[in-house]
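The values are calculated or read from the model by the stated rules, or taken from the named source; none is laboratory data. Quick caveat, the model's predicted, so the values are computed rather than measured. As a convention, Cβ positions derive from the backbone with ideal geometry for all residues, glycine included, and neighbour counts pool all protein chains shown.
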């Protein structure tokens, strides 16, 4: 199908919590068969995380639901000899393995890349970690907030009197997961196939900070926190109105001119402190006060409509609830319904629209070990053998 370019690709998802599961979720949305390999009895830690205690108790926490639709679940104790043997058999029919254990864990289990490559030379083996598989920090703990701090993101987030400030969602995990998914799809396109991918969440985040990094490396500009102001221009940032704040990006001289004329203050164009872009940047605080005096006289919706109509880019600052209720998001169908047992829940789908259709998960988030019989039977195990493995705690 047009929205399943990865159909026929089998991915073994050995990951936990967010970066790895998010990466494999993106692959599932693109049509890959993703088999989530989980610890017997407990599974992915995300199964007990989220703002709904009853779901957590049932092993289907909201944090798990958010990025595990479209996957199948099997249980496997990879510390046991029989578990290792079963994983190697799974590897023989897989295209991709994704893991996000600390560096060295898979090698200590006897399941590192070189070992599994011997089972399947075309295997794409993707390791996601906080800092990469080498370097002095490789064994340090790497939760999202720790990576946000070490990557420099927190130092430039917030205002001068509030920074350092964390970004309000797990930025490092999510960007790391996207980077892993991108690298896997690239490796799938290689001929011949077969690769070891070393994905660092920290490096993934730093790579997205291109302007900030380059301004420092090339321009010698030490990055700092600027609140809601765009450092490259002014007026460009968040401004108050009569009810809700709006963002205005009058980055070009023509946009600046159109803005002040629409506000009835063409005289601001000729003021020495605002005459050029650099002048406006140096005096951005005073300029913002001048503009907000006018903007506070009317509501945000009116200003946004009028300014966009005259070519001055602007937009409302919305809450998450307002964003999800926004007509733009609803019309394009980013949020979709999916049945989880007898309940229908809403989940964010793929951000990719391909040939007019949005990719979506084919199956709901799985219960722990829900596909044990299906997957282990494919390897030739009988019902009795599967039951014995269950009794022994191997699966």
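Quick rundown of the values:
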quantity	calculated
Yes/no for residue 241 being closer than 28 Å to residue 151 by Cα, surrounded by 17 or more Cβ atoms within 10 Å (Cβ to Cβ) and not assigned by TED's automatic domain parsing to the domain that holds residue 160	no
Elements of type helices (runs of 4 or more DSSP H) in the stretch 100-205, at least 2 residues being assigned by TED's automatic domain parsing to the domain that holds residue 33 and either within 27 Å of residue 50 (Cα to Cα) or touching a helix residue (DSSP H, G or I) at 6+ places or on another chain (Cβ under 7 Å) (or both)	113-119, 144-151, 171-188
Residue check, residue 4 surrounded by fewer than 24 Cβ atoms within 10 Å (Cβ to Cβ), at negative phi and modelled with pLDDT of 95 or more	no
Selection status of residue 47, outside any loop (DSSP other than H, G, I, E, B), crowded, with 19+ Cβ neighbours inside 10 Å, without any contact (Cβ under 8 Å) to a residue 24 or more places away in the chain and touching a helix residue (DSSP H, G or I) at 6+ places or on another chain (Cβ under 7 Å)	no
Check on residue 172, surrounded by 16 or more Cβ atoms within 10 Å (Cβ to Cβ), closer than 14 Å to residue 200 by Cβ and modelled with pLDDT under 95	no
Test: residue in the stretch 336-349 that is surrounded by fewer than 16 Cβ atoms within 10 Å (Cβ to Cβ), touching a residue at least 60 places away in the same chain (Cβ under 8 Å) and in contact with a strand residue (DSSP E or B) (Cβ under 8 Å, 6 or more places away or on another chain)	yes
Residue match in the stretch 261-269 (condition: surrounded by 13 or more Cβ atoms within 10 Å (Cβ to Cβ) and modelled with pLDDT under 95)	yes
Check on residue 367, on the phi > 0 side of the Ramachandran plot and either at pLDDT below 90 or over 18 Å from the mean Cα position of the chain (by Cα) (or both)	no
Residues of the stretch 214-238 that turn out to be in a loop (DSSP other than H, G, I, E, B) and either in the same structural domain as residue 294 (by TED's automatic domain parsing) or touching a helix residue (DSSP H, G or I) at 6+ places or on another chain (Cβ under 9 Å) (or both), as a count	11
